[in-house]
Amino acid sequence: MYKNIRAAVMGSINMDFIMSMERMPESGENIVGKTYSYANGGKGANQATALKKLGADVKMIGKVANDSNGALLINNLNSLGVDTADISKDGDVTGLAVIMLDGEGKNRIVVYEGANAQIDPKTASKAIDNSLDLLLVQFETNEEAVTATVNKAISENVLTVVDCGPAKNFSLEKMQGVTVITPNESETKALTGISPDTEDSILAASICLMERSRAKYVVLKLGSRGCSVWDGNNLKIMPTYPSEVVDTTAAGDCFTAAMALELAVSGDIYKACDMGNKAGSIAVSRLGADASMPTYDEVLTIR
Ligand code: RIB
């Protein structure tokens, strides 16, 4: 169990509406769904949940609205033991994600950002100080809040991990010197124009991302192929662990959290990515976002 690590997550908090179906509908087609459920989600909240379940002390920085979804999501984080004091509750409406899940566990997601887009950069960055070991951010809030929070963390010597989801061409140049930048395949394409399909294109995209962000490490999440690590000199592709795919939702969030936590503890990026691969392989085998996050002991069972 990871203990004595103080982590902060600045990011989105969403109610997820999940509908499962045999296959995705075509444009203009009306099909019958199999099941539906509401679940706790949002890339930020998912990563906070994963860090907490792995043993870290976690505070969540974000925004919901004073509505029923906001209350449910904050109650859930509180019940897990995540510190929610830095979540503002005065947004217009709490974020909502509609997740369509097909029979192969693949998804399509539409997010209504709501309060997540209204996070105040000054309020968010004020919550960062040098008592933290680790900051995680994603791109599902607003660019100003992400940039301000990351730059405050860098100035306070806090290890900073930037998860680049969802895909958008974010101004990485505005946050120079992060510890790790970690996009998935579509996010890599959106940021660099390069699809990381081959070793050459993985390297080209990694070099581009390092140049733009001056990150210490570029870690590409490559789905069923695992991940790649670029440290400015060497490229290493690290295969993931086999598992039965039920739902890929939040597997990337799980990878990012486990990788970041191990990096904060050991300082070893390869050990960290192995931990991310192991945790992610468990997340894809379970339904839902925060519900799919494993504990530290569960991750250790993966070999
Ligand atoms: O990364 C998965 C998350 O993306 C879901 O929980 C959903 O809320 C969307 O933000």
*Just in region 226-303: which GluC sites (Glu not before Pro) are loop by DSSP and have at most 11 other Cβ atoms within 10 Å?*
E244
*Derived scalar couplings ³J(HN,Hα) [region 2-10; Karplus, 6.51 cos²θ - 1.76 cosθ + 1.60; whole Hz; x for Gly, Pro]*: 6, 10, 6, 9, 9, 10, 10, 10, 9
*Electrostatic dipole magnitude of the chain [Cβ: Lys, Arg +1; Asp, Glu -1; Cα centre; debye, to 20]*: 460 debye
*Taking θ as phi - 60°, what are the ³J(HN,Hα) couplings along region 141-150 by the Karplus curve (6.51, -1.76, 1.60), each to the nearest whole Hz, with x for Gly and Pro?*
10, 10, 4, 5, 5, 5, 4, 5, 5, 5
*Give, rounded to the nearest 20 debye, the magnitude of the charge dipole that region 43-132 has about its Cα centre when Lys and Arg contribute +1 at Cβ and Asp and Glu contribute -1 at Cβ.*
180 debye
_Please compute the contact order of the chain in relative form: average sequence separation of alpha-carbon pairs under 8 Å and at least six residues apart, divided by the residue count, as a percent._
18 percent
*So what's the gap between the Cα centers of region 187-212 and region 1-43, to the nearest angstrom?*
27 Å
*If amide H atoms are built 1.01 Å from N in the plane of the peptide, which residues on other chains or at least 5 residues away come under 5 Å of the amide H of I5?*
D57
*Amide H partners (placed H, <5 Å) of C227, local residues excluded*: L222, M238, T240
*What is the set of long-range amide H partners of C164 at a cut-off below 5 Å, with H atoms built 1.01 Å from backbone N?*
T182, N184
*Would you mind telling me which residue in A39, A85, A283 has the biggest mean-square fluctuation in a Gaussian network model of the chain, where springs connect alpha carbons within a distance under 10 angstrom?*
A85
*Would you rank D67, D200, D253 by solvent-accessible area, highest first, keeping every protein chain in place and using a 1.4 Å probe?*
D200, D67, D253
*asked:* I'd like the carbon and sulfur percentage of the solvent accessible area for the chain, probe radius 1.4 Å, heavy atoms only, ligands and nucleic acids excluded.
replied: 49 percent
*Using R₀ = 22 Å, calculate the FRET efficiency as 1/(1 + (r/R₀)^6) where r is the Cβ-Cβ separation of R303 and K236; round to 0.05.*
0.65
_Which residue, G33, I194, G280, has the largest displacement toward the positive end of the dipole of the chain when charges sit on each Cβ (Lys, Arg +1; Asp, Glu -1)?_
G280
*Which pairs in the list K52/K221; K3/K106; K63/K271; K126/K236 are over 30 Å apart, alpha-carbon to alpha-carbon?*
K3/K106; K63/K271; K126/K236
*In whole angstrom, how far apart do the alpha carbon centroids of region 57-82 and region 266-303 sit?*
23 Å
*Solvent-accessible heavy-atom area per residue, rounded to whole Å², over the chain at 1.4 Å*: 42 Å²
*asked:* Which trypsin sites (Lys or Arg not before Pro) in region 150-258 sit in a loop by DSSP (not H, G, I, E or B) and have at most 16 other Cβ atoms within 10 Å of their own Cβ?
replied: K168, R214
*Round to the nearest 10 and report in Å² the accessible area of Y36, as given by a 1.4 Å probe over the protein chains' heavy atoms.*
150 Å²
_Placing +1 on the Cβ of each Lys and Arg and -1 on the Cβ of each Asp and Glu in the chain, which of N234, S206, V162 has its Cα farthest towards the positive end of the resulting dipole?_
N234
*Can you run phi through the Karplus equation (6.51, -1.76, 1.60; θ = phi - 60°) for region 38-43 and list ³J(HN,Hα) in whole Hz, with x for Gly and Pro?*
9, 8, 6, x, x, 4
*Roughly what % antiparallel, to the nearest 5, for the DSSP beta bridges in region 1-101?*
30 percent
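The values are calculated or read from the model by the stated rules, or taken from the named source; none is laboratory data. Here the structure is a predicted model, which is why all the values come from computation and not from measurement. Because the Cβ atoms are built from the backbone with ideal geometry, glycine has one as well, and the counts that use them run over all protein chains shown. Only protein heavy atoms, including side chains, enter the accessible area calculation; ligands, DNA and RNA are left aside. Shrake-Rupley method; radii C 1.70, N 1.55, O 1.52, S 1.80 Å.
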